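Some notes on the structure that comes next.
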């Protein structure tokens, strides 16, 4: 009798809207968990907001092409997960404030729950939404963002965020474990049926030409795929991670970054799963610690973005504001297409175009080549990555580019110029990675694959390679490029 009364009470309660953003999952979703615990009917919604003033440039920027593709797949996966609980994902387009106010009116909702995002533009958006909803007597309840530690908790004596990774990460670790992940709801009371937008009409996926074939071959977006990838990695791929993570020719990275970017899995889910694996298998504890510290770099970058909203446009170190960058459209295009004549660089750029991702070690090499060998502004490289990476994160992407350029926080010194030949030989010693992405060099002996110009004419002919035709000659000599970069740096300092 009491159970029946409770069910009747829940059914008659005003609905709660759960606003999904960069958190496209059901488990460890504080807003969804809290809303479902009330027993009230829920209306789950995702809003494609490309119009709110808070999200317009320079405050924010639209998603890149690869990110849009991933978003479409992730929304389908989330809808399928909700369907198993008797729910559907409502899709709306427009400003978040208008869309949520209209949806609240249609459903007679009592409140809107969401997970916050600790980025200035997103905080402004939350404030605008709260104001608009408040005019109609509807509350917006914002739950803590998807970070291990909120930026307000890690400040220096002057109240500013930390700009060096090691003390930052030590501070995070000193705070102990984050809150334990929350389970996915087992039941959700269905809210009123409302109209939903058509995902295809949003045109998030490419039409003609369809450049996403490689993405489809490589990835399975969604929460279930993220959980499986984490489990498989911790069950096997993690062994040797501390050293092998730098080898692009080996499968020793988690490839969780796009799943984290879209919130298909949360950082604290990764934290607890990794530390549980370390406790269960002490032999891999060192590998686990290194893996978790890589999660820390994501955290560090988000904290930097919190304190420096214009991270993608402005040098953190003002001394770089006068750096003599070159405007070289031809060289930039060669870099983008993987036609620089340096195999490790070209392999990375082709991997990126085909799969929407690039091995982290190779990212550093190709970024260094662009900003140092070619003297092209790091912002041009960052924009290309923003458009082509499925894991294009508003914090990680610009912070990493500034790190390589020497203009950022805790940055590598500008005079550290990666030698693309030595980097290839060290981290792809058998040429497996280069041969995979540059098939025109696949028949070269391994000792020449990272510097094909060192092979004899007979060896090149036997491998079917004609430098300057089937594969380009280097667009800049390494020694010349390095000396030019150092000279430019000296002018900036002087």
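The values are calculated or read from the model by the stated rules, or taken from the named source; none is laboratory data. Predicted model, so just to flag it, every value in this text is computed and none were measured. Virtual Cβ from ideal backbone geometry, glycine too; neighbours counted across all protein chains shown.
Checking 256, 332, 305 one by one, the residue that is within 30 Å of residue 159 (Cβ to Cβ), touching a helix residue (DSSP H, G or I) at 6+ places or on another chain (Cβ under 9 Å) and crowded, with 18+ Cβ neighbours inside 10 Å is 305 and no other.
Only helices (runs of 4 or more DSSP H) whose full extent lies in region 384-494 are considered here, and the ones with at least 3 residues that are surrounded by fewer than 16 Cβ atoms within 10 Å (Cβ to Cβ) are 457-462, 478-493.
Looking for something crowded, with 19+ Cβ neighbours inside 10 Å and within 23 Å of residue 409 (Cβ to Cβ) - is there at least one such residue anywhere in region 226-241? Scanning region 226-241 turns up no residue that is crowded, with 19+ Cβ neighbours inside 10 Å and within 23 Å of residue 409 (Cβ to Cβ). Being more than 23 Å from residue 69 (Cβ to Cβ), modelled with pLDDT under 95 and not in a loop (DSSP other than H, G, I, E, B) is a property that residue 242 has.
Here the condition is being modelled with pLDDT under 95, touching a strand residue (DSSP E or B) at 6+ places or on another chain (Cβ under 8 Å) and within 24 Å of residue 25 (Cα to Cα); of 191, 94, it holds for 191 alone.
Within region 90-100, which residues are under 20 Å from residue 122 (Cβ atoms) and crowded, with 19+ Cβ neighbours inside 10 Å? Once the filter is applied, which keeps residues that are under 20 Å from residue 122 (Cβ atoms) and crowded, with 19+ Cβ neighbours inside 10 Å, region 90-100 yields 91, 92, 95, 96, 97, 99, 100. Taking residue 19 as the residue in question, decide whether it is over 21 Å from residue 95 (Cα atoms), at pLDDT 95 or above and within 22 Å of the chain's Cα centre (by Cα). So residue 19 fails the test. So is residue 468 without any contact (Cβ under 8 Å) to a residue 12 or more places away in the chain and either within 16 Å of residue 346 (Cα to Cα) or under 31 Å from the mean Cα position of the chain (by Cα) (or both) or not? Taking the combined requirement at face value, the residue satisfies it.
Using the structure shown, decide if residue 258 is within 24 Å of residue 20 (Cα to Cα), out of contact with any strand residue (DSSP E or B) (no Cβ under 6 Å at 6 or more places or on another chain) and assigned to a loop (DSSP other than H, G, I, E, B). Answer is no for this residue. Only residues that are in a helix (DSSP H, G or I) and modelled with pLDDT under 95 were counted in region 22-54, giving 2.
So that you can scan it fast, the table gives a plain yes or no per residue for (1) within 30 Å of residue 351 (Cα to Cα); (2) out of contact with any strand residue (DSSP E or B) (no Cβ under 9 Å at 6 or more places or on another chain); (3) outside the structural domain of residue 261 (by TED's automatic domain parsing):
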{"position": "32", "(1), (2), (3)": "no, no, yes"}
{"position": "41", "(1), (2), (3)": "no, no, yes"}
{"position": "54", "(1), (2), (3)": "no, yes, yes"}
{"position": "65", "(1), (2), (3)": "yes, yes, yes"}
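The rows are residues; the columns are (1) more than 20 Å from the chain's Cα centre (by Cα); (2) in a helix (DSSP H, G or I); (3) surrounded by 13 or more Cβ atoms within 10 Å (Cβ to Cβ); (4) without any contact (Cβ under 8 Å) to a residue 24 or more places away in the chain.
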| residue | (1), (2), (3), (4) |
| --- | --- |
| 117 | no, no, yes, no |
| 125 | yes, yes, yes, no |
| 132 | yes, yes, yes, no |
| 140 | yes, no, yes, no |
| 145 | no, no, yes, no |
